[in-house]
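Enquirer: One structure follows; several queries about it will come next.
Please treat every number below as a calculation from the coordinates, not as lab data. Fair warning: this is a prediction, and the values are worked out from it, not measured in the lab. Here the Cβ positions follow ideal geometry from the backbone for every residue, glycine too, while neighbour counts run over all protein chains shown.
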Amino acid sequence: APDIALANVQAHLNQLQTIATSNSGNRAHGRPGYRASIDYVQAQLNAAGYTTSLQQFTSSGATGWNLIADWPGGDPDSVLMSGGHLDSVTAGPGINDNGSGSSGLLEVALTVARTNFQPKKHLRFGWWGAEELGLVGSTYYVNNLPAAERTKIRGYLNFDMIGSPNPGYFVYDSNGQPNGSIDLQRALEAHFTALGIPTELTAVGGRSDHAAFARAGIPTGGLFTGAEVTKTAAQAQKWGGTSGVAFDQCYHRACDTTNNINATALDRNSDAIATAIWSLADVTTPPPG
Ligand code: PHE
Ligand code: CA
Ligand code: ZN
Ligand code: ZN
Ligand code: ZN
């Protein structure tokens with residue numbers, strides 16, 4: 001897989017920060033900063049040759065949108081999907097949560113286009129609305145997929161918080177949740193293994209958008225660098241950083257700005273996303289069950 005340029009991921013984060021700053025400090029569902037975030041990501045993808053669409057929904061009396069981007073080509077009956085939520089909480093700009101996953105994924109998608117990757121599977125990307133209101137956008141997408149389309153999705157990879165300032169390197173535990181996939185887990189571990197960086201498995205349960213896909217019977221996996229939980233001494237030993245301090249002290253706070261990002265973690269995770277997508281997309285995978 002190609003190396004993902006950290007500077008490009010950071011440039012997307014800077015754009016999302018600017019959007020929040022000029023829109024009352026957040027990018028939350030129902031607020032103008034969310035719509036501006038959608039417009040930024042969609043314009044980048046359109047310019048790169050993606051086929052994009054906005055899916056509109058209503059939640060808590062406000063309009064929300066999911067952004068879906070398809071990379072032309074590949075087997076239309078065998079889809080590898082990757083996504084993350086683009087909304088923030090109202091308290092702040094949401095740069096680690098989840099500008100990080102949104103920007104890493106955007107740069108991977110743009111690298112697919114730049115390198116003209118033509119894999120066996122069809123690649124689809126999703127940026128979800130209203131995750132912070134309870135996985136609203138991703139649930140809306142899955143619930144409105146015709147059964148025939150749902151069964152074409154061979155796997156779903158989720159990226160929510162991949163640049164935590166005191167990072168851990170967590171991979172979603174395929175045994176820790178229904179429809180967790182050992183193949184997706186291993187593909188996400190591969191870049192860390194190559195770097196000699198230990199990972200830990202984590203049971204994310206219903207805390208992010210992969211849960212909507214899992215409920216629909218779609219195999220899922222994902223990466224995470226930690227939120228409000230405290231880093232242990234053993235974790236600081238193997239990963240560096242500060243024990244006794246949260247992975248992200250600014251989780252859901254106004255201080256979740258571009259200063260709240262560990263660049264090394266953001267780079268490693270962005271590269272790990274590319275490694276997983278390049279390997280998973282170029283093999284044939286039978287439907288589950
Ligand atoms: N989904 C949570 C949020 O947006 C963050 C989270 C991600 C928690 C992954 C656990 C695992 O606030
Ligand atoms: Ca890189
Ligand atoms: Zn959140
Ligand atoms: Zn999140
Ligand atoms: Zn790397």
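Enquirer: Which ones in the range 197-251 are among the hydroxyl-bearing types (Ser, Thr, Tyr) and within 16 Å of ligand 1 (Cβ to nearest atom)? Full working, then the answer.
Expert: In the first step, residues of the range 197-251 are kept if they are among the hydroxyl-bearing types (Ser, Thr, Tyr); the result is 199, 202, 208, 220, 225, 230, 232, 242-243, 251.
Once the filter is applied, which keeps residues that are among the hydroxyl-bearing types (Ser, Thr, Tyr) and within 16 Å of ligand 1 (Cβ to nearest atom), the range 197-251 yields 199, 202, 208, 220, 225, 230, 251.
Enquirer: Could you pull out the residue among 109, 148 that is without any contact (Cβ under 8 Å) to a residue 24 or more places away in the chain, in a helix (DSSP H, G or I) and within 27 Å of residue 181 (Cα to Cα)?
Expert: Of 109, 148, the one residue that is without any contact (Cβ under 8 Å) to a residue 24 or more places away in the chain, in a helix (DSSP H, G or I) and within 27 Å of residue 181 (Cα to Cα) is 148.
Enquirer: Here are the criteria: (1) under 19 Å from residue 184 (Cα atoms); (2) within 16 Å of ligand 1 (Cβ to nearest atom); (3) polar (S, T, N, Q). Tell me which single one residue 78 does not satisfy.
Expert: Every condition holds for residue 78 apart from (2).
Enquirer: Under 9 Å between Cβ atoms, which residue pairs at least 6 apart in sequence (or on different chains) link something in the range 170-183 that is on the phi > 0 side of the Ramachandran plot with a partner that is polar (S, T, N, Q)?
Expert: 179/220
Enquirer: If we keep just the residues of the range 193-240 that are in contact with a strand residue (DSSP E or B) (Cβ under 9 Å, 6 or more places away or on another chain), farther than 30 Å from residue 286 by Cβ and among the aliphatic types (A, V, I, L, M), which is surrounded by the most Cβ atoms within 10 Å (Cβ to Cβ)?
Expert: 227
Enquirer: Yes or no: residue 217 within 16 Å of ligand 3 (Cβ to nearest atom), on the phi > 0 side of the Ramachandran plot and touching a residue at least 24 places away in the same chain (Cβ under 8 Å)?
Expert: no
Enquirer: Let me ask another. Which condition does residue 209 not pass, out of (1) touching a helix residue (DSSP H, G or I) at 6+ places or on another chain (Cβ under 6 Å); (2) free of Cβ contacts under 8 Å to residues at least 12 places away in the same chain, if it passes all the others?
Expert: Unmet condition: (2).
Enquirer: Check 82, 88 and return the single one that is within 18 Å of the chain's Cα centre (by Cα), surrounded by 24 or more Cβ atoms within 10 Å (Cβ to Cβ) and within 14 Å of residue 40 (Cβ to Cβ).
Expert: Every option except 88 fails the conditions.
Enquirer: Answer with yes or no whether residue 277 is touching a residue at least 60 places away in the same chain (Cβ under 8 Å), under 30 Å from residue 119 (Cβ atoms), within 16 Å of ligand 4 (Cβ to nearest atom) and not small (Gly, Ala, Ser). Walk me through how you get there before you give the answer.
Expert: Numbers: touching a residue at least 60 places away in the same chain (Cβ under 8 Å): yes; under 30 Å from residue 119 (Cβ atoms): yes; within 16 Å of ligand 4 (Cβ to nearest atom): no; not small (Gly, Ala, Ser): yes.
Judged against the criteria, residue 277 is not a match.
Enquirer: Just to verify a result, which residue in the range 60-77, among those that are buried (at least 17 other Cβ atoms within 10 Å of the Cβ) and touching a helix residue (DSSP H, G or I) at 6+ places or on another chain (Cβ under 9 Å), is farthest from residue 285 (Cα to Cα)?
Expert: 64
Enquirer: Give me the pairs: first residue in the range 1-29 and touching a residue at least 24 places away in the same chain (Cβ under 8 Å) and farther than 30 Å from residue 119 by Cβ, second residue more than 16 Å from ligand 1 (Cβ to nearest atom) and in a strand (DSSP E or B), beta-carbon distance under 8 Å, and six or more apart or on different chains, which are they?
Expert: That search, which allows pairs on different chains as well, returns 29/62.
Enquirer: Step by step: first the residues of the range 93-138, then only those that are within 13 Å of ligand 3 (Cβ to nearest atom) and on the phi > 0 side of the Ramachandran plot, then the one that is surrounded by the most Cβ atoms within 10 Å (Cβ to Cβ). Which residue is that?
Expert: 94
Enquirer: Still on this structure, I have one more. Residue under question is residue 116, and the condition is that it be without any contact (Cβ under 8 Å) to a residue 60 or more places away in the chain and either within 16 Å of ligand 4 (Cβ to nearest atom) or not hydrophobic (A, V, I, L, M, F, W, C) (or both); does it hold? Full working, then the answer.
Expert: Numbers: without any contact (Cβ under 8 Å) to a residue 60 or more places away in the chain: yes; either within 16 Å of ligand 4 (Cβ to nearest atom) or not hydrophobic (A, V, I, L, M, F, W, C) (or both): yes.
Yes: the conditions hold for residue 116.
Enquirer: Continuing with the same structure: Could you say whether any residue in the range 47-67 is away from ligand 1 (no atom under 16 Å from the Cβ), free of Cβ contacts under 8 Å to residues at least 24 places away in the same chain, in a helix (DSSP H, G or I) and not polar (S, T, N, Q)?
Expert: Yes, that holds for at least one residue.
Enquirer: Is it true that residue 19 is part of a loop (DSSP other than H, G, I, E, B) and among the aliphatic types (A, V, I, L, M)?
Expert: Here the answer is no, as residue 19 does not meet what is asked.
Enquirer: So which residues in the range 119-143 are of a type in the set (Gly, Ala, Ser) and either farther than 28 Å from residue 260 by Cβ or touching a residue at least 24 places away in the same chain (Cβ under 8 Å) (or both)?
Expert: Matches in the range 119-143: 126, 129, 130, 137, 138.
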